[in-house]
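*Asks:* Pasting in a structure now, in structure tokens, and then I'll have a few things to ask.
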Amino acid sequence: MTAATPAPRRREVTGAGVRLAVWEQGDPGRPTVLLVHGYPDTHRVWDDVAAVLAADHHVVRYDVRGAGASGRPSRRRDYRLELLADDLFAVADAVSPGRAVHLVAHDWGSIQSWEAVTRPGADTRIATYTSISGPCLDHVGHWIRRRMAHPTPRHIGQLLNQLAHSWYIGAFHLPVVAPAAWRHGLAGRWDTVLRVAEGVTPRPGHPQPTLAEDAVHGIHLYRANMLPRLLRPRRRPTRVPVQILGLRQDHYVGAALAEDLGRWVPDLRQHTLDATHWSALLEKGPVVARMVGEFVAHREGRVLPAASPAGEQGGRQGRFAGRLAVVTGAGSGIGRATALAFAEQGADLALCDLDLEAAERTAVLAGLLGATAHAWRVDVSDGPAVDAFAAEVAARQGVPDIVVNNAGIGHSGTFLETTEKEWQRVLDVNLWGVIHGCRAFGALMTERGRGGHIVNLASAAAYLPSKVLAAYATSKAAVLMLSDCLRAEMAAHGIGVTAICPGVVNTAITRTTTFSGLDGERLAARQKRVSKMYARRNYPPEKVAGHILRAVADRRAVVPVTFEARAARVLSRLAPGVLRAAARLDVGR
């Protein structure tokens, strides 16, 4: 908490038969943000987040039953989720009568908040919900059932991975052992656990002096709720807009648990923060506060993107709702298809193309899907122009969450046929354009510290040599290697990098591809012939866009698109000599 922040005002609220200690900060006339802590914490875990939010919000925190200064029931059944939800609504009614609150919760605070958010009519009392590292137990129960019913290798891997993350839950069900561990050693060393395992700097007031008793009483949370909800899950949909802040280094809650949330939450946005379970609040509190503040402002109408007709409360829906995607070369082909696919899934857009009119047309089409989209004319081969584009996007729409470096050109010619000028043109656009985009936007994304994803359009030509694609294949192979190198660097910042490698795709690039030694009518004839070949293949750019969205969602590294691209990728590893022999053919002539 900063020195300029007024001390929180304390009051008491009676929950479901339990006295709750409540703290308030900020102007009560502002939107109320209600913060709910997890296990084995108290309201103090929110100090950094509350200090930032209190500048323009009414911030409320409370110690949940069994923790800190609140009452401590001794019976296990008094820690059931329905009672915890009753406590939450009692606090909300007391501090914000007649006006819905914006709920933010962490760990077990999130689990009990899901109980409140999924109650019928909750949307009249809860305006938004931001969940950090705490799933709905009923949702998890259904998640487990679906994977047991369809035991694919991926599903089995997810189950085993989460089981490994959740080892401590079994320990908490052991009689005597868990309470004794907290009272006779673990509580006294909790600051060391946070420092070594979580990367949290020791600070006054955390861990709290009441940690041992808080932890012992909080064990009832697990024993009263885990098995009943996981074994007999209920259907728990909600109409409350939900924001999930996933933690990339979370040792307890796996990212896969959020995969099925779209079944239960129509109005959902998901972000990823490069943090551990506790460092998200104790080290990156201001970052979390900004993300919460943006979500609240959106819903309060202070920063309002274009409304989606499907959004029941004025919000956009879809897998990428609330995210900003930059797409270069967005005027046609894969760029336009990708932009519209992101718009359809809730993202807002910053678009650029050398053809401004085409980019503006894409922006108009995205607007019809409910997206806020702006277009710029940018030559991606011009580094300063890309830097200026990135600065304008950040100033106008914010730092992007996703960047798709799609702009590229085609060229065919053997090495000796290709002139220096042609080499320079291909490399300037296909390679340097990607470098400029990664550098300009990657710097903004790392500085923001909220993770993100960069997609670079390579090609099957990156690993499929051809004597008539010397410059083009070289530029795309460089993009593939650039992506591998960048991925290793950006991993520390929670930013994923994907290289997309399409094969033959029916786009306008064939109508503008240049051929060494050809001009005039001969060039036009060659372009027409190649365009017909690509049209007969009839693989549309919309399918490539679908692969791009899945790659971002799944954080895939390299994605070959089309059968020939996948086959060539396999051959490049198993039988590269076959591809080297095929490279001698005049394919494309």
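The values are calculated or read from the model by the stated rules, or taken from the named source; none is laboratory data. Predicted model, so just to flag it, every value in this text is computed and none were measured. Using ideal geometry, Cβ is built from the backbone for each residue, glycine included, and neighbour counts are taken over all protein chains shown. For the accessible areas, the whole protein counts, side chains as well, though only heavy atoms, and no ligand, DNA or RNA atoms are used. Shrake-Rupley method; radii C 1.70, N 1.55, O 1.52, S 1.80 Å.
*Asks:* Would you please name the residue that is farthest from Asp107 (Cα to Cα), looking only at residues in the range 214-235 that are touching a Phe, Trp or Tyr at 6+ places or on another chain (Cβ under 6 Å) and not hydrophobic (A, V, I, L, M, F, W, C)?
*Replies:* The selected residue is His220.
*Asks:* Please specify each residue of the range 339-384 satisfying the condition of being open to solvent by 10 Å² or more (accessible area, probe 1.4 Å), in a loop (DSSP other than H, G, I, E, B) and out of contact with any helix residue (DSSP H, G or I) (no Cβ under 7 Å at 6 or more places or on another chain).
*Replies:* Result: Leu354, Asp355, Thr372, Asp382.
*Asks:* Further, regarding this structure: Pull up the range 426-471, narrow it to residues that are surrounded by fewer than 20 Cβ atoms within 10 Å (Cβ to Cβ) and of a type in the set (Ser, Thr, Tyr), then point me to the one that is farthest from Thr328 (Cα to Cα).
*Replies:* Out of the qualifying residues, it is Ser466.
*Asks:* For the range 90-120, name all the residues that are more than 27 Å from the chain's Cα centre (by Cα) and over 19 Å from Thr32 (Cα atoms).
*Replies:* Across the range 90-120, the qualifying residue is only Pro120.
*Asks:* Which pairs turn up if I take residues in the range 275-294 that are more than 15 Å from Ala50 (Cα to Cα) and look for partners that are assigned to a helix (DSSP H, G or I) and of a type in the set (A, V, I, L, M, F, W, C) with beta carbon separation below 7 Å, at least 6 apart in sequence or on another chain?
*Replies:* Close Cβ pairs satisfying both conditions: Trp278/Leu194.
*Asks:* Does any residue of the range 317-324 turn out to be closer than 27 Å to Leu257 by Cβ, modelled with pLDDT under 90 and surrounded by fewer than 19 Cβ atoms within 10 Å (Cβ to Cβ)?
*Replies:* no
*Asks:* Let me ask you something else. On the basis of being in contact (Cβ under 8 Å) with a residue 12 or more places away in the chain, farther than 23 Å from Glu294 by Cα and crowded, with 24+ Cβ neighbours inside 10 Å, does Ala407 make the cut?
*Replies:* On the way: in contact (Cβ under 8 Å) with a residue 12 or more places away in the chain: yes; farther than 23 Å from Glu294 by Cα: yes; crowded, with 24+ Cβ neighbours inside 10 Å: yes.
Yes: the conditions hold for Ala407.
*Asks:* Still on this structure, please answer the following. Would you mind telling me which numbered condition in (1) closer than 28 Å to Val253 by Cα; (2) assigned to a loop (DSSP other than H, G, I, E, B) Leu83 fails?
*Replies:* Result: Leu83 fails condition (2) only.
*Asks:* Only one of Leu245, Leu231, Leu186 is at pLDDT 90 or above, aliphatic (A, V, I, L, M), within 28 Å of Leu103 (Cβ to Cβ) and open to solvent by 50 Å² or more (accessible area, probe 1.4 Å). Can you tell me which?
*Replies:* From the options Leu245, Leu231, Leu186, the qualifying one is Leu231.
*Asks:* Related question: Looking at Arg44, Arg72, Arg76, Arg65 in this structure, which one is of a type in the set (D, E, K, R) and under 17 Å from Pro286 (Cα atoms)?
*Replies:* Values: Arg72 fails: under 17 Å from Pro286 (Cα atoms); Arg76 fails: under 17 Å from Pro286 (Cα atoms); Arg65 fails: under 17 Å from Pro286 (Cα atoms).
The conditions single out Arg44.
*Asks:* Can you find even one residue in the range 86-96 that is touching a helix residue (DSSP H, G or I) at 6+ places or on another chain (Cβ under 7 Å) and surrounded by 19 or more Cβ atoms within 10 Å (Cβ to Cβ)? I'd like the intermediate steps shown before the answer.
*Replies:* Quick first cut of the range 86-96, residues touching a helix residue (DSSP H, G or I) at 6+ places or on another chain (Cβ under 7 Å) only: 88-89.
Filter once more, keeping what is surrounded by 19 or more Cβ atoms within 10 Å (Cβ to Cβ): 88.
Yes, the range 86-96 contains at least one residue that is touching a helix residue (DSSP H, G or I) at 6+ places or on another chain (Cβ under 7 Å) and surrounded by 19 or more Cβ atoms within 10 Å (Cβ to Cβ).
*Asks:* Hey, another quick one. Cβ-Cβ below 6 Å, separation at least six or inter-chain, first residue in the range 347-368 and within 20 Å of Leu549 (Cα to Cα), second open to solvent by less than 60 Å² (accessible area, probe 1.4 Å) and of a type in the set (Val, Ile, Thr): which pairs?
*Replies:* What qualifies is Asp348/Thr372; Ala350/Val326; Ala350/Val393; Leu351/Val327; Leu351/Thr362; Cys352/Thr328; Cys352/Val378.
*Asks:* Additional query: Please work out which residue is most open to solvent (accessible area, probe 1.4 Å), limiting yourself to the range 133-174 and to residues that are among the hydrophobic types (A, V, I, L, M, F, W, C), in a helix (DSSP H, G or I) and closer than 11 Å to Leu257 by Cα.
*Replies:* Only one residue fits best here, namely Ile144.
*Asks:* Go through the range 116-132 and report how many residues are open to solvent by 10 Å² or more (accessible area, probe 1.4 Å) and either outside any loop (DSSP other than H, G, I, E, B) or within 20 Å of Arg61 (Cα to Cα) (or both).
*Replies:* 4
*Asks:* Taking the range 544-565, which residues are closer than 19 Å to Asn456 by Cα, in a helix (DSSP H, G or I) and either touching a residue at least 60 places away in the same chain (Cβ under 8 Å) or open to solvent by less than 90 Å² (accessible area, probe 1.4 Å) (or both)?
*Replies:* Passing the criteria: Val544, Ala545, Gly546, His547, Ile548, Leu549, Ala551, Val552, Ala553, Asp554, Ala565.
*Asks:* Suppose we keep only residues that are closer than 21 Å to Gly68 by Cα and among the basic types (Lys, Arg) within the range 189-228. Which one would you say is most open to solvent (accessible area, probe 1.4 Å)?
*Replies:* In this case the residue turns out to be Arg189.
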